[in-house]
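The values are calculated or read from the model by the stated rules, or taken from the named source; none is laboratory data. A quick note: this is a predicted structure, and the numbers were derived from the prediction, not measured. Positions of Cβ are backbone-derived with ideal geometry, glycine not excepted, and every protein chain shown enters the neighbour counts.
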There are 2 protein chains.
Amino acid sequence: MGRRSDHTREELRELILEEGHRQLSEVGFARFSAREVAKGVGYSIGTIYNVFGSYNALMLALNGRTLDIWLASLEERLAGRENDRLDAAIEAYFDFALGRRHAWTALYDFRLPEGELPSESYREKVAAITGVIVREIAAVLPSDARDEALPLARSLLASVHGHCFFALNGTFTMLGEDDPVGAAKARVADALARYS
Amino acid sequence: MGRRSDHTREELRELILEEGHRQLSEVGFARFSAREVAKGVGYSIGTIYNVFGSYNALMLALNGRTLDIWLASLEERLAGRENDRLDAAIEAYFDFALGRRHAWTALYDFRLPEGELPSESYREKVAAITGVIVREIAAVLPSDARDEALPLARSLLASVHGHCFFALNGTFTMLGEDDPVGAAKARVADALARYS
DNA sequence: AAATTAATTGAACGGCGTCCAATTTTTTAA
DNA sequence: TTAAAAAATTGGACGCCGTTCAATTAATTT
């Protein structure tokens, strides 16, 4: 049996998330399984359920971790950068998605049952990433257009997401596009050209 | 047992695709199963495998059918339309995705194993939808910029896709966006403003 | 009518998420 | 210190899944 006194509940949670994220990143969402995570940490499947309650809750926590890493890598890329911060953010978006394909893809492959909302903390993480883009867009907008930063950020995030998604899922390859990042940057520039 | 002489191999294939697409549209990709399709058409699971060879091949055929319907609805929307054809195409994109959520979502939720390419006929269907957009964009481009229609169409498709994806997966709801179609149209207009 | 070919079946396999009674460990109370 | 209560952990059982394949049935050919 167990290793009951080896870990507190919090340590165990962290252990499972650590191993779970490792496995998810390695095998991808389609091949990921809670049972395999249990094996990986040396506990039984029942313990996973005791800690997380369900497969969906585990997946949501793992995707939350991906969002944490994503936000950190985005901020790291922008730190100290003087010029072309928006372009740098787009590059960071693509680099993260390409460099952590499986984890990034799982953010969108996994869906809660219809009608169910992600937890407050998950929504906060999404909002945090969005917030960075809102801030960067506000910075390049004329001061009398600052209130358009949020809707514009949402829309440009969607545009960049679409480019990144097509780059990863093979659509762009099928259509002969060989510079998705360049195309995404061009679309963002087009949108901002409105204001100059 | 069987209904051996009830259907030719082609009829059987069509029967399975019909019922399969009906079920996929009803329950969505996550709950879809080949076994249930077999029940639905009154054959055994083995017959599905005899006709399609694998679950992946069945899914690809079903997604191909979705692309067929999508292309038809896009062309129907444009038929006879004189003005704002690009806006109409964007509306058709969203209407299709929203009106057939499960079928549309399955196009992206289902992924072939890494490295495997979709069949030639599947790629042709994707190219056909793209082709419509290339044609529409070429029509509004200045004549000396016609060779930019293809790359621009790819990029704008990605942008619209991103907006549509966020509209369906809840990201836009999370971020407070309440007019995804309007936002998508605005981004397309921004891109075309380059040329005027 | 017999032999050959093709279509169809469904049990079997290993894997999945989920549940939960039984067990073990820890904590609390006496 | 010991007994009772609470918490953690286990792993078998359930009903699904995609996949395979020997056995069976039906159609076709000889």
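Selection within the stretch A:80-118: residues that are closer than 27 Å to residue A:179 by Cα and surrounded by fewer than 14 Cβ atoms within 10 Å (Cβ to Cβ). The member of this set that is farthest from the other protein chains (Cβ to nearest Cβ) is A:80. Among the conditions (1) crowded, with 20+ Cβ neighbours inside 10 Å; (2) touching a residue at least 12 places away in the same chain (Cβ under 8 Å); (3) facing chain B (nearest Cβ under 10 Å); (4) under 20 Å from residue A:84 (Cα atoms), residue A:137 misses just one, which is (3).
The set of residues in the stretch A:75-103 that are out of contact with any helix residue (DSSP H, G or I) (no Cβ under 8 Å at 6 or more places or on another chain) and either of a type in the set (A, V, I, L, M) or not in a helix (DSSP H, G or I) (or both) comprises A:79, A:80, A:82, A:83, A:84.
Any residue at all in the stretch B:119-140 that is among the aliphatic types (A, V, I, L, M), under 20 Å from residue B:181 (Cβ atoms), part of a helix (DSSP H, G or I) and more than 17 Å from the chain's Cα centre (by Cα)? Yes, the conditions are met somewhere in the stretch B:119-140. Test residue B:28 against the stated conditions and say whether it is within 14 Å of another protein chain (Cβ to nearest Cβ), more than 9 Å from DNA strand C (Cβ to nearest atom), under 17 Å from residue B:106 (Cα atoms) and surrounded by 12 or more Cβ atoms within 10 Å (Cβ to Cβ). Taking the combined requirement at face value, the residue satisfies it. For the stretch A:33-52, the criterion of being surrounded by 14 or more Cβ atoms within 10 Å (Cβ to Cβ), in contact with a Phe, Trp or Tyr (Cβ under 7 Å, 6 or more places away or on another chain) and more than 29 Å from residue A:131 (Cβ to Cβ) is met by at least one residue.
One residue stands out in the stretch A:119-128 among those that are touching a residue at least 12 places away in the same chain (Cβ under 8 Å) and at the interface with chain B (Cβ under 10 Å from one of its Cβ atoms): the one that is surrounded by the fewest Cβ atoms within 10 Å (Cβ to Cβ), namely A:122. Just to verify a result, which residue in the stretch A:165-196, among those that are acidic (Asp, Glu) and under 30 Å from residue B:122 (Cβ atoms), is nearest to the other protein chains (Cβ to nearest Cβ)? Restricting to residues being acidic (Asp, Glu) and under 30 Å from residue B:122 (Cβ atoms), the top hit is A:177.
State whether the residues of the stretch B:14-25 include one that is touching a His at 6+ places or on another chain (Cβ under 7 Å), of a type in the set (Ser, Thr, Tyr), under 28 Å from residue B:133 (Cα atoms) and surrounded by 15 or more Cβ atoms within 10 Å (Cβ to Cβ). There is at least one residue in the stretch B:14-25 that is touching a His at 6+ places or on another chain (Cβ under 7 Å), of a type in the set (Ser, Thr, Tyr), under 28 Å from residue B:133 (Cα atoms) and surrounded by 15 or more Cβ atoms within 10 Å (Cβ to Cβ).
Within the stretch A:142-155, identify whether any single residue is among the small types (Gly, Ala, Ser) and out of contact with any helix residue (DSSP H, G or I) (no Cβ under 7 Å at 6 or more places or on another chain), and answer yes or no. Yes, the stretch A:142-155 contains a residue that is among the small types (Gly, Ala, Ser) and out of contact with any helix residue (DSSP H, G or I) (no Cβ under 7 Å at 6 or more places or on another chain).
Is it the case that some residue within the stretch B:32-41 is in the same structural domain as residue B:149 (by TED's automatic domain parsing) and acidic (Asp, Glu)? There is no residue in the stretch B:32-41 that is in the same structural domain as residue B:149 (by TED's automatic domain parsing) and acidic (Asp, Glu). The residues on offer are A:66, A:47, and the sole one that is away from DNA strand D (no atom under 15 Å from the Cβ), more than 14 Å from chain B (Cβ to nearest Cβ) and under 30 Å from residue B:109 (Cβ atoms) is A:66. Any residue that is within 30 Å of residue B:117 (Cβ to Cβ), more than 7 Å from chain B (Cβ to nearest Cβ) and out of contact with any Asp or Glu (no Cβ under 6 Å at 6 or more places or on another chain) - is there at least one of those in the stretch A:141-155? Within the stretch A:141-155, none of the residues are within 30 Å of residue B:117 (Cβ to Cβ), more than 7 Å from chain B (Cβ to nearest Cβ) and out of contact with any Asp or Glu (no Cβ under 6 Å at 6 or more places or on another chain). Can you confirm whether residue A:154 is of a type in the set (Lys, Arg), under 25 Å from residue B:178 (Cα atoms) and at pLDDT below 95? No. The residues of the stretch A:10-24 that are within 25 Å of residue B:30 (Cα to Cα) and either within 16 Å of DNA strand D (Cβ to nearest atom) or within 14 Å of chain B (Cβ to nearest Cβ) (or both), listed by number, are A:16, A:17, A:19, A:20. From the list B:189, B:106, B:183, the one residue that fits, being more than 28 Å from residue A:132 (Cβ to Cβ) and small (Gly, Ala, Ser), is B:106.
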